[in-house]
Amino acid sequence: MALKKKKLMSKDASRKLISAVDPKSPISEQYRTIRTNIQYSSIDKEIRAIMVTSSGPAEGKSTTVANLAVTFAQLGKKVLLVDADLRKPTVHHTFGVDNLWGFTTILTKQKTLAETVVETGEQDLYVLTSGPIPPNPAELLSSKSMEQFIEEAKEQFDYVLFDTPPLLAVADPQILANQCDGTILVVFSERTEIEQAKKSKELLEHAQSKLLGVVLNHKEVKNSDYYYYYGAK
Ligand SMILES: Nc1ncnc2c1ncn2[C@@H]1O[C@H](COP(=O)(O)OP(=O)(O)OP(=O)(O)O)[C@@H](O)[C@H]1O
Ligand SMILES: [Mg+2]
């Protein structure tokens, strides 16, 4: 597939992603640890289509998936980050690109993946913005064209990462979980209720998704830990 360089990620936008801006920071190191753990999960079955979700809103799904996408691309793997949050998409903001078309344009067969994908300023990292928000996201995600999309995306890219809406709010993440090779659940330190996290795990099991792991986001780090990390570099 010939990927055209349509729009470059603006420098300002790229600054938001710590993995891109400061790969040596302790936080970027943590994203690399998550990447390594995902790779270890791939021993029995290849894990290349991965979604990131959380129980509720604003727990760090979009932040986590975008940093992971950068981190995988830094390995020289060709990565596609797909904005499958068809309720509150943000990938176009994060990467400073427009969102006239994208994922939904492909699912409704108005454009192809090659016509829609956007090359970012990060080597080997491509993004697919959400496209126009449809009235029926769950229906689109369970369509035959979604199956074809995942197949094609996995042919063209080493890793396909999906940003999603909250699991306890809408059915979309469960539908997607069933089609991806694995799911990462983000929990927000001291905010996500244990019951909500358990319910999310149940829903993912029900969707027959492989739960790759849980990311504890926004964990307060004591100063002494920072010294340790810096010292360990
Ligand atoms: N570890 C963190 N440290 C500081 N700020 C964070 C962290 N994680 C997320 N944020 C900030 O919290 C806000 C919500 O994060 P994000 O958009 O990633 O969550 P989300 O789960 O995708 O939200 P939504 O449910 O609205 O899609 C953002 O402004 C983001 O920059
Ligand atoms: Mg989000």
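For every residue, the table says whether it meets (1) among the aromatic types (Phe, Trp, Tyr); (2) under 11 Å from the mean Cα position of the chain (by Cα); (3) modelled with pLDDT of 95 or more.
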site	(1), (2), (3)
Ser41	no, no, no
Glu46	no, no, no
Ser54	no, no, yes
Glu59	no, no, yes
Thr63	no, yes, yes
Thr71	no, no, yes
Leu80	no, yes, yes
Asp85	no, yes, yes
Phe95	yes, no, yes
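Going by the structure shown, is Gln110 closer than 14 Å to Phe157 by Cα, assigned to a loop (DSSP other than H, G, I, E, B), away from ligand 2 (no atom under 14 Å from the Cβ) and not small (Gly, Ala, Ser)? So Gln110 fails the test. When only residues in region 33-65 that are away from ligand 2 (no atom under 16 Å from the Cβ) and among the small types (Gly, Ala, Ser) count, which is farthest from Leu167 (Cα to Cα)? The selected residue is Ser42. Name the single residue, out of those in region 72-105 being without any contact (Cβ under 8 Å) to a residue 40 or more places away in the chain and among the β-branched types (Val, Ile, Thr), that is nearest to ligand 1 (Cβ to nearest atom). Among those that are without any contact (Cβ under 8 Å) to a residue 40 or more places away in the chain and among the β-branched types (Val, Ile, Thr), it is Thr104. Tell me, please, whether a residue that is closer than 27 Å to Thr192 by Cβ and either part of a loop (DSSP other than H, G, I, E, B) or among the acidic types (Asp, Glu) (or both) can be found in region 69-81. No, because not a single residue in region 69-81 is closer than 27 Å to Thr192 by Cβ and either part of a loop (DSSP other than H, G, I, E, B) or among the acidic types (Asp, Glu) (or both).
The values are calculated or read from the model by the stated rules, or taken from the named source; none is laboratory data. Owing to the predicted nature of the structure, the values given are computational and were not obtained by experimental measurement. Positions of Cβ are backbone-derived with ideal geometry, glycine not excepted, and every protein chain shown enters the neighbour counts.
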